[in-house]
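Working notes, beginning with the structure itself.
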C-alpha cells in the first residue's frame, strides 16, 4: 500500500513538473492554445495530488481510530476479566461474605483495625502536646543560629539589582534560531527568488514590443500541413485559414503578405517589409499552435530576404 501511494505521488509529481515546464515553453513560443491545454492539465494533476494527500490523511486517521477502538476493547476485556475474578460489578462472588475479615473465625474476633485507629488517635494527641510544649519553651538562640547560617543567601545591601552585572551585547552561543528553521527560511527565500525571476523572465519574453521592421527586405516562410483524413483541397483551405488568422498576431501589421501553395503539400509565404526577431517568433508560434481540427502545421524554415 505504501509503495503504491509513493508511486502515485512520484507519477503525479513528474506529470505536474512536465506540464509546468511545457507551460513555460509554450508561453515563450507564443502558442496560447497549447499553453492553455498544459495549464488545465497542470491544474487537474494538482487537484489529483491534493485528493491523494487528503485520502492518505483520512486513511491514517481511520487507522488511528481503529487502533484506539481495538485498544479500548482490549482494556474492556481485561476489566471484565478482573470483574469476573472478583465478582459481578465489583461485588463479591457468591458464598463470599462482605467484610469477612471482621467476622468471627474459630471463636476469635479480629479487632486489629479498631486498635490501630485508637493508637493513631493517641499518638496524634501526644504529638500535639509535644508541639505545644516546644513552642512555649523555645529560645531565640536557635533562630539566630539559623539566621547566621542563611546569611550567605541574603540579598545585597542595595537590593536585588544593585550588584547585577550588565548583560553582554553579543548573544549567548547557541541562543540563535534552530538550524532547521534557518534551512527552511533559506529554502523559502530561494523559492521566492526563483518564482520572481521566472515571472520577470516570462514577462520580458511575452511582452508585446513596439512595431519595428527587420534588417532585411522581406521575410519568407516555408511550411507544410499534416492532417488526419484530410485531402489536398482541405489542407489548402486549412493553410489559408491559419495564415489569415495569424496575420494580425504580430506587432507589425502584415499588409503586404501573401501565401502560395507549392507542390507536395508545401506552402510558401512572403512578408514585406521583413519582420523583427520578436514578430517572427510570434508569427511562428501562432502558425504552429493547435487551432484547426485534425490539422497541424509544421514550419520547415524561415529567413530574411536581403535586397539584391
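Calculate how large, on average over all directions, the projected area of the Cα convex hull of region 179-285 is; give the answer in nm² to one decimal.
Numbers: hull surface 43.0 nm².
Convex hull of Cα atoms, orientation-averaged projection: 10.8 nm².
In what order do 259, 252 fall by count of nearby beta-carbon atoms within 10 Å, going from fewest to most? Could you put the intermediate results ahead of the total?
Values: 259 18, 252 21.
Going from least to most buried by this count: 259, 252.
So how do 73, 83 line up by other beta-carbon neighbours within 10 Å, fewest first?
Values: 73 10, 83 13.
Least to most surrounded, the residues fall as 73, 83.
Can you tell me the order of 260-268, 16-24 when each peptide is scored by its average per-residue count of other Cβ atoms within 10 angstrom, highest first? Provide the component values of the computation, followed by the final result.
Values: 260-268: 11.9, 16-24: 16.0.
Ranked by mean Cβ neighbours within 10 Å, highest first: 16-24, 260-268.
Give the shape of region 226-308 as rounded, prolate or oblate, defined through the alpha-carbon gyration tensor: a ≥ b ≥ c are the square roots of its eigenvalues, a/c under 1.5 means rounded, and otherwise the shape is prolate if a/b is larger than b/c and oblate if not.
prolate
Any idea what the relative contact order of region 218-305 is, in percent, if you count C-alpha pairs under 8 Å spaced at least 6 apart?
For region 218-305, the relative contact order is 50 percent.
Classify region 2-75: rounded, prolate or oblate, from the alpha-carbon gyration tensor (a ≥ b ≥ c, eigenvalue square roots; a/c under 1.5 rounded; otherwise prolate if a/b is larger than b/c)? Working shown, then result.
Details: a/c = 7.31, a/b = 3.98, b/c = 1.84.
Cα axes put region 2-75 in the prolate bin.
Please arrange 25, 255, 37 by how many other C-beta atoms lie within 10 Å of their C-beta, fewest to most. Write down the numbers at each step before the final one.
On the way: 25 13, 255 9, 37 16.
Placing the least packed residue first, the sequence is 255, 25, 37.
Taken together, the values in this text are just the output of simple stated rules run on the coordinates, not laboratory data. Owing to the predicted nature of the structure, the values given are computational and were not obtained by experimental measurement. Reconstructed Cβ throughout: ideal geometry from the backbone, glycine too, with neighbour counts over all protein chains shown.
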